[in-house]
Amino acid sequence: MLFLVAITTSCKQQKKDAADETAEDSKMETSLETEQPTITLEKLEGSPEYADAVLQLDEPTNTKIANGGEVNFSFTVNNYELGAQTEGPNAEMLANSGKGQHIHFILDNQPYSAHYEPSFAKEIPDGVHHLVAFLSRSYHESVKNDNSVVVKKLEVGTNPEDSLGLDMDAPTLIYSRPKGEYSGKDTENLLLDFFVLNTKLSESGNKVKATINGTEFLIAEWAPHIIKGLPKGEVTITLELIDADGNMIPGPFNQVTRTVMLKE
C-alpha cells in the first residue's frame with residue numbers, strides 16, 4: 001500500500017510539474033507576443049490645406065519630344081511657396097525636408113525626385129511615359145486638389161513604343177511615400193501617401209489595400225496616413241488599387257511594392 005501511495009503521489013507531482021511548465025511556457029509566449037510591435041495605420045490630420053494651390057507645366061510645350069535624353073521642365077506655381085517650411089505640428093512629427101516645400105516628380109510610377117525650384121532638367125529615355133507631378137509639403141505630404149497636380153503622357157523619340165499599355169483615363173494609383181531611409185525619431189511615424197487619378201475611394205467602392213510587413217489595411221478615403229509600430233530594419237509596403245469586391249483594378253501602376261530602411 002505504501003508503495004502504491006508513493007507511486008500515485010509521484011505521478012500527481014509529475015503532472016503538476018508538467019502543468020506548471022506548460023503554464024510558464026504559455027506565459028513566456030504571451031510575453032514575447034506582447035513585446036512584438038503592433039503596426040497601426042492612422043489618418044493624418046492637421047496639415048494646411050492649400051486648397052487654391054496651383055501647379056502648371058509650361059515646358060516642354062509639346063509632350064511629343066523628338067529625342068530621348070536631357071529634357072528641360074519648367075512649372076508655374078501659384079498660391080504656394082516652394083522652399084518654405086510647412087507650418088503646423090506635422091512638420092515636427094514626420095520626417096521633414098530642411099529645404100522646404102517642393103514638387104514631387106514621378107515618371108512611370110517610379111520613386112519620385114524632389115524639386116525645390118520650378119525649373120530643372122531630367123533624363124527621359126525613348127518611349128511612351130506617364131508623368132505625374134504634384135506639390136508637396138515640406139514633410140512630403142502631397143497637396144490634393146484638382147489644380148495641384150500635372151498628369152501628362154510623354155512620347156519620346158522616333159516611333160516611341162508604349163511598353164506599359166497606358167490608359168490615361170483609367171483609374172490609376174501613384175505611390176509617393178514612404179521612401180528611402182529613416183533614422184532616430186523619424187522612424188516613429190512614417191507618412192503613407194499616394195495619388196489616385198480618375199477615381200474616388202469610398203467604403204462601398206474602390207479602395208487602396210496597403211500591406212505593411214504582412215499586415216493588411218483597407219483605405220477607403222484619399223487621405224494621408226501615419227504608419228506606427230514598425231520594427232527597425234527593412235520594411236516592405238505594397239499598395240494596390242482594388243474594386244468594391246476586392247479585385248485589383250487593371251493598370252500598369254495599380255500594384256506597387258517598395259522597401260524602406262529604418263535605422264537606430
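The values are calculated or read from the model by the stated rules, or taken from the named source; none is laboratory data. Because the structure is predicted, anything quoted here is derived from the model rather than measured. Cβ: placed from backbone, ideal geometry, glycine included. Neighbour counts: every protein chain shown. SASA here: full protein model, heavy atoms, side chains in, ligands and nucleic acids out. Shrake-Rupley method; radii C 1.70, N 1.55, O 1.52, S 1.80 Å.
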Given 0.36 nm per residue, what is the gain on full extension from THR238 to GLU81 after removing their alpha carbon distance, in nm? 53.3 nm
Apply the Debye scattering formula to the chain, with a single equal point scatterer on each alpha-carbon and no solvent, then give log10 I(q)/I(0) at q = 0.07, 0.09, 0.10, 0.14 Å⁻¹. -0.34, -0.49, -0.58, -1.02
Residue pairs, from the table LYS144/LYS263; LYS122/LYS232; LYS153/LYS179, whose Cα atoms sit over 32 Å apart: LYS122/LYS232
Point-to-point label distance, THR199-MET261, nm (Cα→Cβ direction, 7 Å offset): 3.3 nm
Here the relative contact order (percent) of segment 83-153, from C-alpha pairs under 8 Å and at least 6 apart, is 35 percent
Sequence-distant residues sharing a close amide H with ILE65 (under 5 Å, placed H): GLU155, VAL156, GLY157
In the chain, what percent of the accessible surface is made up of carbon and sulfur (1.4 Å probe, ligands and nucleic acids excluded)? 47 percent
Going by accessible area, probe 1.4 Å, with all protein chains left in place, what is the ranking of ASP186, ASP52, ASP193, ASP245, largest first? ASP245, ASP52, ASP186, ASP193
Using the Karplus curve 6.51 cos²θ - 1.76 cosθ + 1.60 with θ = phi - 60°, what ³J(HN,Hα) values do you get for each residue of segment 181-191, in whole Hz, with x for Gly and Pro? 10, 10, 9, x, 4, 5, 7, 6, 9, 9, 6
Which cross-chain or sequence-distant (5 or more) residues have an amide H under 5 Å from the amide H of ILE226, H modelled 1.01 Å from N in plane? GLU42, LYS43, LEU44, LEU192
Expressed in angstrom and rounded, the centroid-to-centroid distance over alpha carbons for segment 183-200 and segment 158-174 is 24 Å
For segment 218-233, 3J(HN,Hα) per residue [Karplus equation, 6.51 cos²θ - 1.76 cosθ + 1.60, θ = phi - 60°, Hz, x = Gly/Pro]: 10, 10, 10, 9, 6, 7, x, 9, 10, 9, 10, x, 7, x, 5, x
Sorted by accessible surface (1.4 Å probe, heavy atoms of the protein chains only), largest first, LYS99, LYS263, LYS209, LYS200 come out as LYS200, LYS99, LYS263, LYS209
Evaluate E = 1/(1 + (r/R0)^6) for ASP58 and LEU218, where r is the Cβ-Cβ distance and R0 equals 35 Å; express this FRET efficiency to the nearest 0.05. 0.35
Test of understanding: express the Cα radius of gyration of segment 70-223 as a ratio to 2.2 N^0.38 Å, with N the residue count. 1.11
hull vol. (C-alpha, convex hull) per residue for segment 39-139, Å³ -> 123 Å³
